[in-house]
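The values are calculated or read from the model by the stated rules, or taken from the named source; none is laboratory data. Small disclaimer: the values here were computed from a predicted structure and weren't measured. For neighbour counting, all protein chains shown are included, and Cβ atoms are generated from backbone atoms with ideal geometry for every residue, glycine included. In case anyone asks, the SASA skips ligands and DNA or RNA and just uses the protein heavy atoms, side chains included. Shrake-Rupley method; radii C 1.70, N 1.55, O 1.52, S 1.80 Å.
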Amino acid sequence: MLISFAMATIASAGLGFWFLRSLSPTPVALSEPVPLPAPTQLGRPLPRPLLDGRDPLLATVPHKAPPPAAPASAHAKAILPTVPPPALQAVPPSQVPAPQVRVAIARDQSQLTVGIAVATAVTNDQQQVMTQLAPSQGAIVAARDGLLLWNGQPLAPSLWIRPRNQLTFVGDKWYRGVVRLIAQGNTVTAVNQVDLEQYLVSVVGAEVYPDWPMETLKAQAIAARSYALAQMFQPASPFFDLGNDQRWQVYRGIETEWNTTQAAVQATRGLVLTKSGRVVISMYAATDDIVRDVFGGRGMSQTGAYELGKRGYNYLQILAAYYPGVGLSQIQTQ
């Protein structure tokens, strides 16, 4: 059954950030940093392939393309509508700034490697500088009794890495936006605070193949945006809105950003599915079988959306086929 939450104008205070109490320890000298375990060109995103003859989104270095899109299952093909469904009423993309979404990119880890391509200050919750991240170097972050250890040295219960227009390395991936590290007992949780639209560029590339029909990618972008926004209204934790795996939506930082997924997100910027003035938690899964068995038949089949896109259906028709009775609305911020 589809779940919905009240759709409201998103005030910055309504999506504010939660802070841990800090012990405000005095900065200490740290041991030598460890090299970043990333064989990439630091200071720039990982390369993306050419998908449609245009320059790739992030770089011009050739990269192996993903395998061909998997065909829809026989069941998915069998239940596709024989005629195009009535399309949703079109709504122009939003022009207002996007809200920030907080994604748990690592949870309950014994330790994490973090790094940055340029020198960046690491601060506590009171924005006091606790240490520095050296360019192209990493640090090992662990936790003990609710306190973060930075290369073995205790610093604070919570630390922030706020690079200026740069990427942060966490675990084994690069991420845009801000990274917050939180000690929870003897484990570390990392939260990526990132622009919702930029987050979706990665999610769409992780959830479906980036060379699928553009109208299918647009439908996926709107479904993923609606799901994320609903989670932001009801966060999973005081520290993050949602996770980064199949339990939520798959998010892999810049690893799954593509020129096509950026185009799909930009073309549908700020658009979400609503019903009776409420944003809809737009469930979706790989096949119609999963949608039927897990969501009671209510939700979008990604392989079905792929087939519809191949047939020439636009994203308004695809969404109408899988989310009957819904409409489109713009996210408004103030």
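List of remarks:
- Other residues whose C-beta falls under 13 angstrom from the C-beta of residue 103 contribute a net charge of +4, scoring Lys and Arg +1 and Asp and Glu -1.
- Think of a 1.4 Å ball rolled over the protein heavy atoms: region 174-285 then has 27 Å² of accessible area per residue.
- Residue-by-residue Karplus 3J(HN,Hα) for region 284-291, coefficients 6.51, -1.76, 1.60, Hz, glycine and proline x: 7, 8, 5, 10, 4, 4, 5, 4
- Charge tally around residue 316: other residues with Cβ under 13 Å, Lys/Arg +1 each, Asp/Glu -1 each, net 0.
- In region 82-157, Cα pairs under 8 Å separated by at least six residues give a relative contact order of 21 percent.
- Of all accessible heavy-atom area on region 167-208, the percent that carbon and sulfur account for (1.4 Å): 41
- Contour minus Cα-Cα distance for residue 127 and residue 111 (0.36 nm per residue): 3.5 nm
- Cα centroid of region 107-130 to Cα centroid of region 224-250, whole Å: 23
- Label-to-label distance, residue 276 versus residue 311, with points set 7 angstrom from Cα along the beta-carbon direction: 3.0 nm.
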